[in-house]
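The values are calculated or read from the model by the stated rules, or taken from the named source; none is laboratory data. What you are looking at is a predicted structure, and each value in this text was computed from that prediction instead of being measured. Because the Cβ atoms are built from the backbone with ideal geometry, glycine has one as well, and the counts that use them run over all protein chains shown. Ligands, DNA and RNA are excluded from the accessible area calculation, which covers all protein heavy atoms including side chains. Shrake-Rupley method; radii C 1.70, N 1.55, O 1.52, S 1.80 Å.
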Amino acid sequence: MTGPGQRIPQAELYFGPVGRGNSQPQKFLLSDQLGLCAVKFQQNPQGPRMLVNEWIGHGLAAQLGIRHAAYGLVDVPADALPHDGCIRITDDDGDEVRLLPGLHFYSQWLEPADDLKPEDLTLGSMMADIGMLAGVAVLDAWLDQRDRKPLNPNILLVRRSGRSSLYLMDMGMAFRSAIWGLGDLLDPRLPDAAAPLPYSMSPADLFRAVRPADFAPYLDAVSGMTEAIVQSVIDGLPREWGVTVAEHTALVNYLLTRAQALPDYFEARFQRPGQEWWE
């Protein structure tokens, strides 16, 4: 993580597109021994709020103890870009988008890594990691992040030295979208605890092995969240990403209010007779 007052690494060598994701991240070799990283640009087709969401999502994941790749701010100079100081991509409408030098968001490249699949969760080697999915559910509810599907869970399975570990990735759809504004932060209420979790698709395949007892460390962490902690995450956002003073204040209030309500919200979900907690 690159926070206030810390050295910001530089992109040194371009390796081409990641090849997945609507924000069209690009692969670079970064300085400071970070190695190969995926970089999301301010000019990405989903807009600069995508980077804001990634920063906040990863910062709060760290506070909850959810494993993720190293991440932070990266300075991409013009001489690290291949075509006259830019990268040209095409958005979903077929229009050209130019990715430009500046301050962007990186996450360290994980290898070997695969998307987590439902069948992975039935393997004995995964049992020690399944509880982390409870933390993912808490984080998603906290940030109103609904972009998690059984076959595209935005969770990586990394296999190293005979051990399989889960890593959170891609929080770009926090606050329900990458185009949120001040008005979206003025109602911090959580959704109805009697209704299914508001993911875009049923999360049963992802969460069916997660038990209420797995939530304890994550709900303890979120219930202990202080204004200073949340403020420190929001303070790390660079001015270049366009978050206004009013939005900065609203983000802190929104996140604190939801954090305080989350333990009771999940407890209500656990107590419903005849229903799984995600239903």
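To keep it simple, each residue is scored yes or no on (1) without any contact (Cβ under 8 Å) to a residue 40 or more places away in the chain; (2) farther than 30 Å from ALA137 by Cα; (3) surrounded by fewer than 22 Cβ atoms within 10 Å (Cβ to Cβ); (4) not aromatic (Phe, Trp, Tyr).
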position	(1), (2), (3), (4)
ILE8	no, yes, yes, yes
GLY16	yes, yes, yes, yes
ASN22	no, no, yes, yes
LEU36	no, no, yes, yes
LYS40	no, no, no, yes
ASN44	no, no, no, yes
HIS58	no, no, no, yes
TYR71	no, no, no, no
PRO101	yes, yes, yes, yes
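Among the residues of region 72-108, those identified as under 19 Å from ASN22 (Cβ atoms) and either of a type in the set (D, E, K, R) or within 18 Å of the chain's Cα centre (by Cα) (or both) are ARG88, ASP91, ASP92, ASP93, ASP95, GLU96, ARG98, HIS104, PHE105, TYR106, SER107. Here is a list of conditions, (1) open to solvent by less than 20 Å² (accessible area, probe 1.4 Å); (2) in contact with a strand residue (DSSP E or B) (Cβ under 9 Å, 6 or more places away or on another chain); (3) outside any loop (DSSP other than H, G, I, E, B), and ILE66 meets all of them except one; can you say which number that is? The single condition ILE66 does not satisfy is (3).
Counting residues in region 199-211 that are open to solvent by 60 Å² or more (accessible area, probe 1.4 Å), within 15 Å of the chain's Cα centre (by Cα) and either β-branched (Val, Ile, Thr) or under 22 Å from PHE270 (Cα atoms) (or both) gives zero.
Counting only strands (runs of 3 or more DSSP E) that sit completely within region 1-59, those holding 3 or more residues that are more than 20 Å from the chain's Cα centre (by Cα) and over 17 Å from ALA70 (Cα atoms) correspond to 11-17. When the test is whether a residue is modelled with pLDDT of 95 or more, of a type in the set (Asp, Glu), open to solvent by 30 Å² or more (accessible area, probe 1.4 Å) and over 19 Å from ASP144 (Cβ atoms), ASP184 does not pass it.
Among the residues of region 146-164, those identified as of a type in the set (Gly, Ala, Ser) and either assigned to a loop (DSSP other than H, G, I, E, B) or at pLDDT 90 or above (or both) are SER161, GLY162.
Quick one: is ASP75 open to solvent by less than 80 Å² (accessible area, probe 1.4 Å), touching a residue at least 24 places away in the same chain (Cβ under 8 Å), more than 30 Å from GLY242 (Cα to Cα) and not basic (Lys, Arg)? Here the answer is no, as ASP75 does not meet what is asked. Note on region 24-34: residues that are in contact with a strand residue (DSSP E or B) (Cβ under 6 Å, 6 or more places away or on another chain), more than 16 Å from LEU103 (Cβ to Cβ) and free of Cβ contacts under 8 Å to residues at least 24 places away in the same chain amount to 1. Whether any residue in region 106-126 is at pLDDT 95 or above, part of a strand (DSSP E or B) and crowded, with 19+ Cβ neighbours inside 10 Å is what I want to check. Yes, there is a match, as at least one residue in region 106-126 is at pLDDT 95 or above, part of a strand (DSSP E or B) and crowded, with 19+ Cβ neighbours inside 10 Å. The set of residues in region 229-247 being in contact with a helix residue (DSSP H, G or I) (Cβ under 7 Å, 6 or more places away or on another chain), surrounded by 14 or more Cβ atoms within 10 Å (Cβ to Cβ) and assigned to a helix (DSSP H, G or I) consists of ILE229, VAL230, GLN231, VAL233, ILE234, TRP241, GLU247. If only one of ASP205, ASP187 is of a type outside the set (Phe, Trp, Tyr), free of Cβ contacts under 8 Å to residues at least 60 places away in the same chain and either touching a Leu at 6+ places or on another chain (Cβ under 9 Å) or part of a loop (DSSP other than H, G, I, E, B) (or both), which one is it? Going through ASP205, ASP187 in turn, the sole match is ASP187. Taking each residue of region 258-279 that is touching a residue at least 60 places away in the same chain (Cβ under 8 Å) and closer than 29 Å to GLU227 by Cα and looking for partners that are small (Gly, Ala, Ser) and surrounded by 14 or more Cβ atoms within 10 Å (Cβ to Cβ) with beta-carbon atoms closer than 6 Å, six or more apart or interchain, yields TYR265/ALA193; ALA268/ALA193; ARG269/ALA193.
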